[in-house]
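Asks: Quick one: the structure is below, questions incoming.
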Amino acid sequence: MTHPYLCPNCKTNRMRFNIIEQNASAVKLDPSSGEVVHHYEKDEPLDPFHLPYKGSKIMVQCAVCGVVGEEEMFIKRAENNPLK
Ligand SMILES: [Zn+2]
């Protein structure tokens with residue numbers, strides 16, 4: 001199901017957006033060099049101290065004013081200000 005968007009910042013844009021897909025990859029770094037020493041595969045279990053990414057799948061950028069936020073913010077703004 002699709003939802004209309006309205007930018008909560010400039011309050012005029014309903015058409016032009018950049019959808020930012022969040023594709024988190026879990027890595028383990030060498031603490032001194034910052035080098036990636038392990039890159040977890042998608043279904044590989046993380047170590048007990050490593051929290052999995054639980055954030056949004058996508059973020060939205062208004063392509064008119066440039067503000068970036070959760071998709072929910074854009075949907076809510078559109079619901080509260082329907083097109084007449
Ligand atoms: Zn905007």
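Asks: For the ranges 8-16, 41-49, what's the packing order if you count other beta-carbon atoms within 10 Å of each residue, average per peptide, and put the highest first?
Replies: Peptide ranking by packing, descending: 8-16, 41-49.
Asks: Here is a further query. Give the carbon-plus-sulfur fraction of the accessible surface of the chain in %, rounded to a whole number; probe 1.4 Å, heavy atoms of protein chains only.
Replies: Roughly 55 percent of what the probe reaches on the chain is carbon or sulfur.
Asks: For every helix of n ≥ 4 consecutive DSSP H residues, a contribution of -39,500 (n - 2.57) applies; sum these over the chain, divide by its total residues, and give [θ] at 222 nm rounded to the nearest 500 deg cm²/dmol.
Replies: Taking each H run of at least 4 residues, the total per residue is -3500 deg cm²/dmol.
Asks: Would you please give the residues with an amide H less than 5 Å from that of residue 26, counting only those at least 5 places away or on a separate chain, with H modeled from the backbone geometry?
Replies: Residues meeting the criterion, in which the H sits 1.01 Å from N, are 40.
Asks: Once you keep just the Cα pairs under 8 angstrom separated by 6 or more residues, what percentage relative contact order results for the range 17-80?
Replies: With pairs under 8 Å counted, the relative contact order is 35 percent.
Asks: For residue 72 and residue 28, FRET efficiency with R0 = 22 Å and r from the beta-carbon atoms, rounded to 0.05?
Replies: It comes out at approximately 0.10.
Asks: Residue 39: net charge of surrounding residues, Cβ under 14 Å, Lys/Arg +1, Asp/Glu -1, itself excluded?
Replies: Neighbour charge sum, excluding residue 39 itself: -4.
Asks: Would you kindly calculate the mean projected area, averaged across all directions, of the convex hull enclosing the Cα atoms of the chain, in square nanometres?
Replies: With the hull built on Cα positions only, its mean projection is 8.2 nm².
Asks: Roughly how tilted is helix 71-80, in degrees to the nearest 10 and between 0 and 90, from the longest Cα axis of the chain?
Replies: 20
The values are calculated or read from the model by the stated rules, or taken from the named source; none is laboratory data. Keep in mind the model is a prediction, meaning the values are calculated, not measured. Cβ atoms come from the backbone with ideal geometry, glycine included; neighbour counts cover every protein chain shown. Heads up: the accessible areas ignore ligands, DNA and RNA and are worked out on the full protein's heavy atoms, side chains in. Shrake-Rupley method; radii C 1.70, N 1.55, O 1.52, S 1.80 Å.
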